[in-house]
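The values are calculated or read from the model by the stated rules, or taken from the named source; none is laboratory data. Since the model is a prediction, treat every value here as computed from it, not as a measurement. Every residue, glycine as well, gets a Cβ built from its backbone with ideal geometry; the counts of neighbours run over all protein chains shown. Accessible surface is based on the protein model in full, side chains and every heavy atom, while ligands, DNA and RNA are left aside. Shrake-Rupley method; radii C 1.70, N 1.55, O 1.52, S 1.80 Å.
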Number of protein chains: 2
Amino acid sequence: MTTIREVAKRAGVSVATVSRVLNKKGYVSQETKERVLLAIEDLKYKPNDVARSLFKGKSKLIALLVPDIVNPFFPELARSVEDVCNAHGYTFVLCNTDNSMEKELSYITALQQKSVDGLIVVSSTLTKEHTEEIKVPIVSLDRTFSANVTTVKSNNRQGAKLAAEYLKSIGCKRIAHVTGPESASNTRERLKGFLDVVRNDDWFISDYIVTGNYNMLVAKEAITDLLLKHPEIDGLFAGNDVMAVGALKVAEQLNVRVPDDLSIIGFDGITLGETTTPTLTTVAQPIYKMGSRAAELLIEQINDPSILKKTEELPVELIVRQSTRKKR
Amino acid sequence: MTTIREVAKRAGVSVATVSRVLNKKGYVSQETKERVLLAIEDLKYKPNDVARSLFKGKSKLIALLVPDIVNPFFPELARSVEDVCNAHGYTFVLCNTDNSMEKELSYITALQQKSVDGLIVVSSTLTKEHTEEIKVPIVSLDRTFSANVTTVKSNNRQGAKLAAEYLKSIGCKRIAHVTGPESASNTRERLKGFLDVVRNDDWFISDYIVTGNYNMLVAKEAITDLLLKHPEIDGLFAGNDVMAVGALKVAEQLNVRVPDDLSIIGFDGITLGETTTPTLTTVAQPIYKMGSRAAELLIEQINDPSILKKTEELPVELIVRQSTRKKR
DNA sequence: AAATCATATGTAACGGGTTACATACACTGT
DNA sequence: ACAGTGTATGTAACCCGTTACATATGATTT
């Protein structure tokens with residue numbers, strides 16, 4: 001690795017001058033500047049970011065922590081975070097925490113030790129106490145865990161209401177709900193919205209609510225049990241699209257016709273829902289907007305750490321496709 | 001941020017002693033060690049990795065660059081790379097290059113400047129010349145671009161042969177192929193394998209080969225054109241699963257029945273192929289193995305940079321599901 | 001003519017761990 | 001009694017880019 005001192009020597013100037021050229025800061029004569037630039041070129045000099053970070057305490061690095069990289073929702077979310085970070089000159093990296101608090105904390109520690117400038121986390125396991133120990137600007141995305149952390153999420157409760165109401169409106173009489181993990185705040189919000197709509201109906205029993213984990217495998221098992229035990233179910237609201245797709249497959253295996261015998265609604269609005277047969281009716285979150293707002297708010301916070309923490313809640317939208325019966 | 005000097009002061013020892021305790025290296029008496037550990041605890045001291053990296057020129061960081069994070073193949077690949085990296089004490093991050101040489105080079109530069117210990121890249125745009133300028137250990141995954149870079153890939157040509165032969169064996173008489181981008185080495189290899197099988201057949205015309213881009217959108221357009229122009233096609237080998245799923249959707253739109261009118265085979269073996277209706281027949285790559293071998297070879301190379309570069313080619317396997325006609 | 005200022009460049013301290021080298025003491029062996 | 005060895009700890013240089021501060025020169029102002 002060539003260093004700034006070698007460049008300085010080659011250009012016949014001091015390291016300060018080279019640094020001034022590099023950072024376009026302070027006075028440098030045109031002629032000297034050219035000589036330095038030439039030396040940089042000749043030696044293929046690339047400044048060492050580690051040394052720069054050490055002095056500045058900044059790294060121009062932003063990381064996004066997601067609980068399950070294999071769930072397509074998160075790559076889609078990552079795309080938008082990435083775009084905003086790049087546009088602002090930050091290097092963006094993605095980390096998978098596997099829904100494990102241990103991995104989450106280990107990433108946060110490792111990244112902090114690398115002077116990461118800011119973190120965006122999608123987490124069900126972090127608590128207020130944890131975040132108070134984190135000295136790096138942080139934004140919570142998709143889930144809430146502390147009022148003291150800037151949060152970007154969608155209106156989960158409203159979305160769940162939309163879903164349940166729509167199922168009712170197309171004539172479903174027995175509606176079930178597969179939830180995400182109880183630890184996730186959006187699971188609880190979506191459940192609330194669902195209950196808002198069905199709680200007072202005669203037919204409603206708590207058996208109709210089963211717990212999934214936002215992934216396909218667990219959801220398929222839970223839904224299989226559910227449908228076998230309660231064949232009267234004619235509507236299903238899944239906590240996310242991946243589980244809804246799982247429901248589609250389960251229905252197929254059990255010879256339950258979708259949407260004729262069973263209407264299914266997912267949540268998220270990921271591309272996957274357009275590739276299934278039937279395509280998936282879903283409560284779409286503004287994925288790109290969520291990611292980009294989170295990134296924008298994080299960068300604001302990096303630039304001014306004293307900025308007020310706030311929660312932004314974005315609207316959701318019901319997208320009707322083929323997995324629900326036609327309205328009439 | 002507490003520094004090692006504050007810890008030293010608090011424990012009444014020198015920074016060298018604290019460093020020795022931290023790194024479990026050199027002589028430290030039991031009694032001193034305990035005092036230092038206590039001071040670390042009290043001050044919640046976390047060593048600054050940036051300073052450590054600066055001195056050592058190492059960062060315990062490994063990055064994986066993928067061309068399209070939204071293609072589920074890459075998150076699945078990333079999972080295995082991550083596991084191996086974590087098991088060896090490395091922090092693992094994922095970067096999306098969007099198939100753009102510019103983004104790729106910009107990530108590589110940024111990561112090198114951060115003293116990344118090693119890179120795994122899935123790239124169609126890097127050349128031998130580029131890699132010669134990269135001084136960090138590097139492993140190419142899924143695609144080849146220089147004999148001088150350790151590479152882990154699957155047997156693409158053999159896989160394509162399997163696919164084409166299988167389509168023939170179930171009675172397909174007009175078989176088409178949607179390829180990936182021409183710049184990707186695996187596109188060319190898969191095309192070769194396909195041609196190995198069909199080149200000498202009377203029916204074969206070059207019109208049956210259309211270019212996709214490994215993503216759904218481009219593939220759907222290309223396949224729509226193809227099927228409209230050549231309704232006689234009864235077999236389709238897609239260069240990857242995502243495009244095969246696109247083909248499934250196109251067939252549905254055009255009222256072409258799969259598999260009765262058209263048999264479709266994908267390539268990759270991602271989970272997505274199990275969620276479609278019909279489920280996807282595919283040439284499965286050993287995704288987990290590919291990622292983990294790449295990570296292992298990279299770590300070997302980090303530990304011994306003089307190690308010989310080599311290419312590992314892993315076997316593929318045809319998985320027959322519902323998108324192809326039954327053999328009889 | 002002296003004071004002031006914009007321009008141009010260099011010196012050296014700094015950020016925070018790491019480690020080569022120096023120092024010191026206790027103990028073993030002869 | 002002295003060399004040799006293992007144990008324990010400290011000092012300061014080092015990694016490399018940044019920047020406060022010092023110095024110097026020519027131009028402008030009063």
Placing +1 on each Lys and Arg Cβ and -1 on each Asp and Glu Cβ in chain A, then taking the dipole about the Cα centre, the residue among A:246, A:64, A:19 whose Cα reaches farthest towards the positive end is A:19
Scalar couplings 3J(HN,Hα) for segment A:192-202 by Karplus 6.51 cos²θ - 1.76 cosθ + 1.60 (θ = phi - 60°), nearest whole Hz, x for Gly and Pro, are 4, x, 4, 5, 3, 8, 9, 3, 8, 7, 4
Within segment A:58-77, the residues whose backbone N lies under 16 Å from a label point placed 7 Å from the Cα of residue A:88 along the Cα-to-Cβ direction are A:58-65
Going residue by residue through segment A:236-251, the Karplus relation 6.51 cos²θ - 1.76 cosθ + 1.60 with θ = phi - 60° gives ³J(HN,Hα) values, rounded to whole Hz and with x marking Gly or Pro, of 9, 9, 8, x, 8, 5, 4, 5, 5, 5, x, 4, 4, 5, 4, 4
For chain B, the per residue accessible area (1.4 Å probe, Å²) is 44
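Counting only Cα atoms, I'd like the Rg/Rh figure for chain A, Kirkwood definition for Rh.
Working: Rg = 25.4 Å, Rh = 22.1 Å.
Dividing the radius of gyration by the Kirkwood radius yields 1.15.
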Segment A:266-306 and segment B:40-88 have their Cα centres apart by a whole-number Å value of 25
Between residue A:229 and residue B:321, the FRET efficiency computed from the C-beta separation at R0 = 41 Å comes out, to the nearest 0.05, as 0.90
Non-local residues with an amide H under 5 Å from the amide H of residue B:144, with H modelled 1.01 Å from N and Pro and chain starts lacking one, are B:185, B:186
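Sort B:293, B:325, A:190 by heavy-atom solvent-accessible area, probe 1.4 angstrom, most to least. Kindly include the intermediate steps, with their values, before the conclusion.
Details: B:293 45, B:325 70, A:190 5 Å².
Output order, biggest surface exposure first: B:325, B:293, A:190.
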Checked the protein assembly as shown with the C-alpha gyration tensor, a ≥ b ≥ c its square-rooted eigenvalues, rounded below a/c of 1.5, otherwise prolate if a/b is larger than b/c and oblate if not; verdict oblate
Sorted by chain and number, the residues with a modelled amide H under 5 Å from that of residue B:138, at a separation of 5 or more or across chains, are B:119
Using alpha-carbon positions, the gyration tensor of segment B:156-285 gives root eigenvalues a ≥ b ≥ c; with a/c under 1.5 called rounded, otherwise prolate if a/b exceeds b/c, else oblate, the class is rounded
Along the dipole axis of segment A:1-158 (charges at Cβ: +1 for Lys and Arg, -1 for Asp and Glu; origin at the Cα centre), the most positive-end residue among A:47, A:4, A:107 is A:4
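Please compute the average number of Cβ atoms from other chains found within 10 Å of each residue's Cβ in peptide B:270-279.
Per residue, the average neighbour count from other chains is 4.
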Toy charge model, Lys and Arg Cβ at +1, Asp and Glu Cβ at -1: segment A:156-285 dipole around Cα centroid in debye, rounded to 20, equals 220
Relative to the compact-globule estimate 2.2 N^0.38 Å (N residues), the Cα gyration radius of segment A:188-250 stands at a ratio of 1.08
Sorted by chain and then number, the residues having a modelled amide H within less than 5 Å of the amide H of residue A:312, at least 5 places away or on another chain, are A:151, A:152, A:153
Note, segment A:59-76: 3J(HN,Hα) by Karplus (6.51, -1.76, 1.60, θ = phi - 60°), whole Hz, Gly/Pro = x, goes 10, 6, 10, 10, 10, 10, 9, 10, x, 7, 5, 7, 6, x, 4, 6, x, 5
For chain B, the longest principal axis of the Cα atoms and the Cα long axis of helix B:101-113 enclose an angle in degrees, to the nearest 10, of 20
Under a Gaussian network model of chain A whose springs join Cα atoms within less than 10 Å, the largest fluctuation of A:309, A:24, A:135 belongs to A:24
Taking A:254, A:272 and ranking on accessible area (1.4 Å, protein atoms only), highest first, one gets A:254, A:272
